[in-house]
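The values are calculated or read from the model by the stated rules, or taken from the named source; none is laboratory data. Note that this is a predicted model, so its numbers are computed, not measured. Note that we place each Cβ from the backbone using ideal geometry, even for glycine, and neighbour counts take in every protein chain shown. All accessible areas refer to the heavy atoms of the entire protein, side chains included, with ligands and DNA or RNA removed. Shrake-Rupley method; radii C 1.70, N 1.55, O 1.52, S 1.80 Å.
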Amino acid sequence: MDRRQFLLGASASWATLAYAEEMAIAHHGRPMVGDVAQFVAPDLPLPAGQPLQSLPRLPLTTAPDGTLQGQLIAAPHTRQLLAGKDTLFWAYNGQLPGPLIDVAAGSTLDLHFENRLPQPSTIHWHGLPVPADQDGLPQDAVAPGGQRRYRFTLPADFSGTCWYHPHPHHHTAEQVFRGLAGAFIIRQPNDPLAHLPEHHLLISDLRLDADARIPANTAADWLDGREGQFVLVNGQLRPQLHVAPGSLLRLRIWNATSARQLRLALPGASWYQVGTDGGLIERPQSLQQLHLAPAERAEVVVRLPATPSSPYTLQALPYARGKMVGREQTQSLPLMQLVPHGQAVVTPALPELLRQISPLPAPVREQRVLMAEKAADGPVPVQFLINGRSHDPERIDLYSVQGETEQWEIINGSDMDHPFHIHGAQFQLVSRIRDGEETPEPWLAWRDTVNLTHAERVKLRIRQDLPGLRMFHCHILEHETLGMMGNLMVKAAG
Ligand code: C2O
Ligand code: CU
Ligand code: CU
C-alpha cells in the first residue's frame, strides 16, 4: 500500500488515538450492569402450523420512460392475532411483513413514501447501492404526516437479497419491532437458478404482553437487543410449506430480527448455500448450519430426498451471544416445516459455477473500526461505542474516496456479538481473526453485514462507488439506536 495515501486518510490521526483509548476500555472487562428491568413473556396461544404465505408484492406501475412507480405508507395497523385481543402494529401498506419489492437489475424506481406514524421516519434500502440522498438516513427524516419520494436507478451488475426498514434518529429499533420491514430482491437476467421453485422466508421477532400488545423496550432490551417470545416466518408462527419429494428448492432467507443470532439447521435434507446478501456466490457450498446474524441474508438450495419419511424442520440451534442480562438460547427453536407432498419429481443437478466474482483490488487506504461497551450512568447503564464515541449525526467519523478500494479492520472489543453493517456498497470479507489466529475467507462473496463474536476481528475490502454520507453500525437495532453507529463521508473522485 502507498503509505502517503494511507496517512492522507483524513481519519487516521484521531482514529489511532481513539483506538488506543478504546483498547484500554475494552481490556477493562465487561461493565457491571446490576439489576435492570426485564420482560417476562406470557405464554400465549398464537395460532401455528398454517400454510406458509408468500410475501405480498408491492404493486408497481411502469411509467412511459420505464421507471417503476409504487407507494409505501407507514401507518398504525391493527390485527387480531389472538381472539378478542387487538394488536397494534406499525406496518407498510397494512402488510406484515411489508410488501416485497422484486425487480430486475438496472431498474429505476420512484417510490412515494408517506409517514403516518406519530414519529419521524425514513426508508433505508439495506444493502442497495442507492445515492446517499435517497438512502433514508437519519439526517433525512420525514416528519409525522409528511411525505417524500425515493428515486434511484440500480446498477445493471448488482443483484441481491436485500430489504428495507426505517432509519430515523432514536426510533429505528422501535419502528422495526412494531412491524416496519420488507424484502427487496434484485435479479440478474442470466440467473442460473431461475428454473428452480423459489420461496422467501423473512424471519422476524414478535413480543406480546398478556393483552397481546407490543410492549416498549425494557432496560435489558436496550443492553442485549430485543428478542420476542415468537420467532415468525413471513409473519407466521411455525408455518408449513408443502414440497414435492426429490425437488430442489431455492430459498431466500432474511434475518429481520432486531438482535437474534440464527444458527439455522435443516436435519435430514441436504442444503447448499448459493448466495449471500449481495447475490450469488461462485459455487454452491454444502451446508451443515447456516449462521445468519441480525440483518444478514442468504440464498440456499434445499434438496429433499426422493423418498422422504417425515417433515423437515428448519430450526435455530442454541447459541450464546454474550448477553449482559437475558438468558441465552439453550434449546433448538423450530421455525417452520417442509412437508413432503405429492409425486416425487426429478430436478436437474445444481450448476457447478453460479457466476464469477472478481476480487476487489489491493486497497489504497486502511480504516479501523472498534466496537466497544462502556459503563454509563442512567437507566441504560452501558454505552455502545464505535471508535470511542457515540453517534452524532453532525460529526463525520471516517472519510473515503469514491471508487477507491479500502481495507477495513473491524474489531469487537466487547463480550457480546455485534453484527457490523455498512451502507452504500457491498464488501468482500478477507479474513477473520480469533485468538490471534487469522483465517482467510474460504470463498468470495458480496456482503453488507458480518457478525463479530467476542474479541473477534475481521478484515474486509470495500469500494464505495457513489459519493455522499453513509452510516456504519452495529445491526442490533437497540445498539444502533443508542449510538453504536458512525458517519462515513465518501468524497467525490477527482
Ligand atoms: Cu439495515 Cu443502517 O441499516
Ligand atoms: Cu443498511
Ligand atoms: Cu451491538
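A compact table of results
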read-out	value
Selection within the stretch 406-441 - more than 16 Å from ligand 1 (Cβ to nearest atom) and closer than 21 Å to residue 478 by Cα	411, 412, 413, 414, 415, 416, 417
Output for the stretch 64-87, where each listed residue is closer than 21 Å to residue 122 by Cα, open to solvent by 40 Å² or more (accessible area, probe 1.4 Å) and touching an Asp or Glu at 6+ places or on another chain (Cβ under 9 Å)	69, 71
Test for residue 481: is it open to solvent by less than 40 Å² (accessible area, probe 1.4 Å), more than 14 Å from the chain's Cα centre (by Cα), at pLDDT below 95 and within 16 Å of ligand 3 (Cβ to nearest atom)	yes
Restricting the stretch 289-303 to residues that are of a type outside the set (S, T, N, Q) and open to solvent by 10 Å² or more (accessible area, probe 1.4 Å), the residue that is nearest to ligand 2 (Cβ to nearest atom)	296
Cβ-Cβ under 6 Å pairs, at least 6 apart or on other chains, the stretch 167-185 side closer than 30 Å to residue 156 by Cβ and touching a residue at least 40 places away in the same chain (Cβ under 8 Å), far side assigned to a loop (DSSP other than H, G, I, E, B) and not hydrophobic (A, V, I, L, M, F, W, C)	167/122; 167/136; 180/166; 181/97; 182/97
Qualifying residue in the stretch 319-331 (condition: under 26 Å from the mean Cα position of the chain (by Cα) and not in a loop (DSSP other than H, G, I, E, B))	yes
Conditions (1) surrounded by 23 or more Cβ atoms within 10 Å (Cβ to Cβ); (2) in a strand (DSSP E or B); (3) not acidic (Asp, Glu): number failed by residue 199	(1)
Single unsatisfied condition, residue 444 versus (1) within 16 Å of ligand 1 (Cβ to nearest atom); (2) under 20 Å from the mean Cα position of the chain (by Cα); (3) among the hydrophobic types (A, V, I, L, M, F, W, C); (4) surrounded by fewer than 20 Cβ atoms within 10 Å (Cβ to Cβ)	(1)
Residue match in the stretch 414-432 (condition: of a type in the set (Gly, Ala, Ser), at pLDDT below 95 and within 14 Å of ligand 3 (Cβ to nearest atom))	yes
Failed item, numbered, when residue 470 is tested on (1) out of contact with any His (no Cβ under 7 Å at 6 or more places or on another chain); (2) part of a strand (DSSP E or B); (3) more than 16 Å from ligand 3 (Cβ to nearest atom); (4) not acidic (Asp, Glu)	(1)
Of all residues making up the stretch 111-123, the number that are under 12 Å from residue 140 (Cβ atoms) and either surrounded by fewer than 24 Cβ atoms within 10 Å (Cβ to Cβ) or of a type in the set (Val, Ile, Thr) (or both)	4
Count of the stretch 131-166 residues which are within 16 Å of ligand 2 (Cβ to nearest atom) and touching a residue at least 60 places away in the same chain (Cβ under 8 Å)	15
Residue in the stretch 451-470 that is within 13 Å of ligand 1 (Cβ to nearest atom), buried (at least 22 other Cβ atoms within 10 Å of the Cβ) and either at negative phi or modelled with pLDDT of 95 or more (or both) present	no
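Quick grid of which residues meet (1) open to solvent by less than 20 Å² (accessible area, probe 1.4 Å); (2) in a loop (DSSP other than H, G, I, E, B):
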| residue | (1), (2) |
| --- | --- |
| 89 | yes, no |
| 109 | yes, no |
| 129 | no, yes |
| 136 | yes, yes |
